Amino acid sequence: MPDRAPQPVDRQLPTEEARDLIALVRDIVQREIAPRAAEEEDAGRFPREVFSLLSDSGLLGLPYDSGFGGGDQPYEVYLQVLEELAAARLTVGLGVSVHSLACHALAGYGTKEQRTEHLPAMLGGGLLGAYCLSEPSSGSDAASLRTKAVREGDDWIITGTKAWITHGGVADFYTVLARTGVEGPRGITAFLVPGDAEGLSAATPEKKMGMKGSPTAQLHFDGVRVPDARRIGDEGQGFAIALSALDSGRLGIAACAIGVAQAALDEAVTYATGRQQFGRPVADFQGLRFLLADMATQIEAGRSLYLAAARLRDAGLPFSREAAMAKLFCTDAAMKVTTDAVQVLGGYGYTADFPVERYMREAKVLQIVEGTNQIQRMVIARHVVGPESR
Ligand SMILES: Cc1cc2nc3c(=O)[nH]c(=O)nc-3n(C[C@H](O)[C@H](O)[C@H](O)COP(=O)(O)OP(=O)(O)OC[C@H]3O[C@@H](n4cnc5c(N)ncnc54)[C@H](O)[C@@H]3O)c2cc1C
């Protein structure tokens, strides 16, 4: 069994406040998240109370305006917080990232009145959010979504099914993309739907390979009535809002991936230095030393890539290309590093006695969510080569 706690990652942080934040996160991780992670993931238990604690501690609205209850933190700090959370438990790190994604539309495109009314509760008032874009028949081709919102007086009536919704059934609010006009991306509008809206119901959560503590469910909208005051942005602007949220969300996924990879490397190093074969620690053998060196290099490269993209965003510069590159590279690196960590532990790595098999199962989903890595390559190629000819 491991006999040495992993060393915390040395982080370059821009302010004293950011250093205090990371210290606070490490304290919460050590006391409230890490000790229960393996057992609760195994049992498929969603740690709702951890999200309440994070909200009370000011950690659910970090990258948003303090005038509306946010933390005013640059993305480079917020993402490193996500990385620390995901290293302890992906259900929590990814959950915070999805919550931020759900707040993005209102924070960026809502009116002053809408932001004043809703944002403080969303960013620091204990509420948990979800982001509803995918549907059973539209994943990568999200612009073909079919959920409809039809105007009736001052209200909209939403009907349809959303699929794969993280926090589906447990969220307090849903940012929902629905069709209000023509086919394709220009006929989509965003809405903020309360979790207890009449006509809204969640299916039994999906049985997943990993992140079993994070509920992922279909959501059924059966004539859900939403006032026009809960429409976010203009009619037809929803798809542009959704894509802009995803640019930022992809950075969150990249940071979570590096967290999972770092946790796997730490475990692999601890094990390799303790496990003896042929009269020596297995960490003495060059075959493993080089493997561990490659794992560490992938992690540092990924961290540098997501931080470089975050710093562009923080400077108000375009970062869509870099966000796609960071998501692609970091999640592929996490898959490779976690698979190699299982190899370092040999047979023990393949058992649930050690967390590396969980990390490997968790890494897989990060190559799929918020645009599969095939879709990231399409985005990057459009920046590099230009649009396809047809
Ligand atoms: C655990 C989990 C949580 C999720 N959470 C959310 C959430 O909170 N909100 C939400 O809206 N969605 C969520 N999703 C959905 C996720 O974003 C989609 O699964 C993803 O976008 C892929 O869509 P799909 O599963 O329908 O696959 P498809 O789009 O059907 O793709 C199938 C395969 O075809 C490939 N492919 C598709 N088009 C192309 C192309 N043009 N070129 C090359 N390859 C292509 C894909 O890469 C993939 O390998 C979640 C998914 C999972 C598994």
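Structure notes:
- Gly125 more than 7 Å from the ligand (Cβ to nearest atom), modelled with pLDDT under 95, surrounded by fewer than 23 Cβ atoms within 10 Å (Cβ to Cβ) and farther than 24 Å from Ala203 by Cα: yes
- Residue count, region 128-137 (criterion: open to solvent by 60 Å² or more (accessible area, probe 1.4 Å) and charged (D, E, K, R)): 0
- Residue check, Ser140 surrounded by 19 or more Cβ atoms within 10 Å (Cβ to Cβ) and among the polar types (S, T, N, Q): no
- Within region 197-204, not a single residue is open to solvent by 60 Å² or more (accessible area, probe 1.4 Å), within 11 Å of the ligand (Cβ to nearest atom) and in a loop (DSSP other than H, G, I, E, B).
- With respect to the conditions (1) in contact (Cβ under 8 Å) with a residue 12 or more places away in the chain; (2) open to solvent by 40 Å² or more (accessible area, probe 1.4 Å), Gly238 lacks only one, and its number is (2).
- Residue match in region 49-61 (condition: more than 23 Å from Ile22 (Cα to Cα), away from the ligand (no atom under 16 Å from the Cβ) and open to solvent by 10 Å² or more (accessible area, probe 1.4 Å)): no
- Test: residue in region 146-154 that is surrounded by fewer than 19 Cβ atoms within 10 Å (Cβ to Cβ) and either near the ligand (Cβ under 7 Å from one of its atoms) or hydroxyl-bearing (Ser, Thr, Tyr) (or both): no
- Subset of region 49-78 [touching a Gly at 6+ places or on another chain (Cβ under 7 Å) and farther than 16 Å from Pro120 by Cβ]: Phe51
- Here Ala310, Ala283, Ala301, Ala296 are screened, and the one residue that is of a type in the set (Gly, Ala, Ser), open to solvent by less than 20 Å² (accessible area, probe 1.4 Å) and in contact (Cβ under 8 Å) with a residue 24 or more places away in the chain is Ala310.
- Residue pairs meeting the criteria (Cβ under 9 Å; at least 6 apart or on separate chains; first in contact (Cβ under 8 Å) with a residue 40 or more places away in the chain, in region 18-38; second polar (S, T, N, Q) and part of a helix (DSSP H, G or I)): Ala18/Gln80; Leu21/Gln80; Ile22/Gln80; Val25/Gln80; Ala37/Thr91
- Members of region 202-228 found to be over 30 Å from Thr116 (Cβ atoms) and of a type in the set (Gly, Ala, Ser), listed by number: Ala203, Gly210, Gly213, Ser214, Ala217
- In region 162-188, the residues that are within 24 Å of Val96 (Cα to Cα) and either among the β-branched types (Val, Ile, Thr) or open to solvent by 20 Å² or more (accessible area, probe 1.4 Å) (or both): Trp164, Ile165, Thr166, Gly169, Val170, Asp172, Thr175, Val176
- Those residues of region 331-390 which are in contact with a helix residue (DSSP H, G or I) (Cβ under 7 Å, 6 or more places away or on another chain), acidic (Asp, Glu) and within 16 Å of the ligand (Cβ to nearest atom), in sequence order: Asp332, Glu362, Glu370
- With respect to the stated conditions, Ala105 fails to be within 26 Å of Leu366 (Cβ to Cβ), under 13 Å from the mean Cα position of the chain (by Cα) and open to solvent by less than 30 Å² (accessible area, probe 1.4 Å).
The values are calculated or read from the model by the stated rules, or taken from the named source; none is laboratory data. Remember, it's a predicted structure, so these values are computed and weren't measured experimentally. We place every Cβ from the backbone using ideal geometry, glycine too, and count neighbours over all the protein chains shown. Note: accessible area is taken over every heavy atom of the protein model, side chains too, but ligands, DNA and RNA are not part of it. Shrake-Rupley method; radii C 1.70, N 1.55, O 1.52, S 1.80 Å.
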